[in-house]
Amino acid sequence: GTSARLRIGGAISAGNGLRVGAELGADNNDDYTADNGRTRGAGGLGLHAGIGVAKRFSDDRGEVSLALSAGQQSYNTQRFQNIFAPGYGETTIKTSYSGVDASLGYTLSRGSLFATPSVDLQAVSMKISSFAERGLAGTGARANGPRDRYLSPTPKRPAGVQPRPPQRPGSGAVPRSIRGAARAACAQGAGPRSGRSWPRCPLCASSVSSG
């Protein structure tokens, strides 16, 4: 489990459909046991960081985004072993990761109907740093720092109907476009073009989020 977790981040609008966001995080992890109590871990600490940028185009119908993230975690471990003689091996196990997430989407609409085909591409690298247990007369566990890499493309095609807001007294007309309906509703993060973007107020064309 995690005994304490802190996340601080936000996103701002830079104008012309451009938004930039960043996040920092830290975890203070609980002690843990494994292998029926033979292995114990303590003093777990994790650090994480990420930055992303998104750009809307074609009258807000399209969006392209790119996000970078990285982090690491460490644990001090103690493991019981009984080979030749009982004893404990101690070491610090460190893991790290880095990732890139890119996406491209475009909204097609006709009347109240819309579809937003998009594709997400995620690349992740995960590594366990080399380690060797101290003690146990040289019979302890050791690793040479393996690294795993993953690449995952994900096509998506959300579609639906955008309800038109009721006509307001004195307005004289109901917004007829998907964009107009979204502006009139002023729904943060809602509507056919919300996708994976940060919460955005269509009336003031600004965005702010925190975590």
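Taken together, the values in this text are just the output of simple stated rules run on the coordinates, not laboratory data. On a predicted model such as this, the values are computed, not experimentally measured, just so you know. Ideal geometry is used to build each Cβ from the backbone, glycine not excepted, and the neighbour counts take in all protein chains shown.
Quick rundown of the values:
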| item | result |
| --- | --- |
| Where only alpha carbons of region 75-136 are counted, the Rg and the Dmax (Å) | 24.7, 78 |
| Straight-distance crosslink candidates among lysines, where the alpha carbon sits under 26 Å from LYS94 and sequence neighbours closer than 8 are dropped | LYS127 |
| Total charge dipole magnitude, region 56-172, about the Cα centre, Cβ charges on Lys, Arg, Asp, Glu only, Debye to nearest 20 | 200 |
| Descending semi-axes in Å of region 121-161, equivalent ellipsoid built from Cα gyration tensor | 44, 10, 6 |
| Relative contact order [Cα under 8 Å, 6+ residues apart], region 1-94, whole percent | 22 |
| Percent breakdown of C-alpha pair distances by 5 Å bin, ordered from the shortest bin, for region 1-137 | 2, 8, 13, 13, 13, 11, 9, 8, 7, 6, 4, 3, 2, 1, 0, 0 |
